[in-house]
Amino acid sequence: MNVIRLITLLIVVFFSQIISAEGWDDYKNNTISKMLQNHENANEGLDYLFMPGLPFKTKVRYLASTRNISDERIDFISKWVKTHGLSQKLLKSYSKEILFEENNVKIWLPIQDVLIPYLRREVPVEEEVVLFVVLAGAKKNDWVFLINEFNTI
């Protein structure tokens with residue numbers, strides 16, 4: 001792996017804010033697919049890439065399927081929390097993922113457990129919803145986006 005690239009990446013992560021959003025206004029419109037395009041080679045050759053929690057909001061279609069977060073993603077989130085010195089309470093607030101669709105691509109996104117009943121109650125299945133998301137990083141080629149809030153449309 002290119003040592004200069006690794007050092008540059010570590011400096012960027014170190015000097016970035018851990019979760020750069022201080023309020024909901026810091027979440028700018030974007031899409032998951034654009035975020036992936038912007039970072040497509042960032043994790044090349046790395047087992048883990050921890051981002052500083054890049055905030056954005058995106059419009060997706062709610063498909064309502066729910067599953068437990070995989071052990072691999074739990075492992076990633078745990079290491080992400082530890083790397084950034086965040087409270088373990090944050091890790092414990094994510095145990096489920098919900099299926100969404102953006103631009104005809106289905107994606108499972110970890111969501112704070114406390115939001116799930118509100119999402120189910122407020123957003124009809126197959127309807128669009130605005131998600132407030134942070135890009136946490138990737139484990140190999142599995143990019144992890146964490147849902148922090150949502151708005152109905």
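Can you tell me which residue within the stretch 75-91, out of those that are within 16 Å of Val134 (Cα to Cα) and free of Cβ contacts under 8 Å to residues at least 24 places away in the same chain, is surrounded by the fewest Cβ atoms within 10 Å (Cβ to Cβ)? The qualifying residue surrounded by the fewest Cβ atoms within 10 Å (Cβ to Cβ) is Ser78.
When Met1 is tested against the conditions (1) modelled with pLDDT under 80; (2) surrounded by 11 or more Cβ atoms within 10 Å (Cβ to Cβ), the lone failure is (2).
Scan the stretch 43-88 residue by residue and report those that are outside any strand (DSSP E or B) and among the aliphatic types (A, V, I, L, M).
Residues satisfying the conditions are Leu46, Ile69, Ile74, Ile77, Val81, Leu86.
Got a number for residues in the stretch 41-68 being crowded, with 19+ Cβ neighbours inside 10 Å and not charged (D, E, K, R)?
12
This table checks each residue for (1) in contact with a helix residue (DSSP H, G or I) (Cβ under 7 Å, 6 or more places away or on another chain); (2) among the polar types (S, T, N, Q); (3) farther than 24 Å from Asp25 by Cβ.
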| residue | (1), (2), (3) |
| --- | --- |
| Glu72 | no, no, yes |
| Ser95 | yes, yes, yes |
| Asn103 | yes, yes, yes |
| Arg121 | no, no, yes |
| Val125 | no, no, yes |
| Gly137 | yes, no, no |
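Here is the figure for the stretch 92-102: residues that are in contact (Cβ under 8 Å) with a residue 24 or more places away in the chain and part of a helix (DSSP H, G or I) total 0.
Inside the stretch 103-129, can you point out the residues that are more than 14 Å from the chain's Cα centre (by Cα) and part of a strand (DSSP E or B)? Within the stretch 103-129, Val105, Lys106, Glu128, Val129 meet the criteria. All of (1) surrounded by 16 or more Cβ atoms within 10 Å (Cβ to Cβ); (2) closer than 15 Å to Val144 by Cβ; (3) of a type in the set (Val, Ile, Thr); (4) modelled with pLDDT of 90 or more hold for Ile19 with one exception: (4).
The values are calculated or read from the model by the stated rules, or taken from the named source; none is laboratory data. In this text the structure is predicted, and so the values were computed from the model without any measurement. Methodologically, a virtual Cβ is constructed for each residue, glycine included, from the backbone with ideal geometry; neighbour enumeration extends over all protein chains shown.
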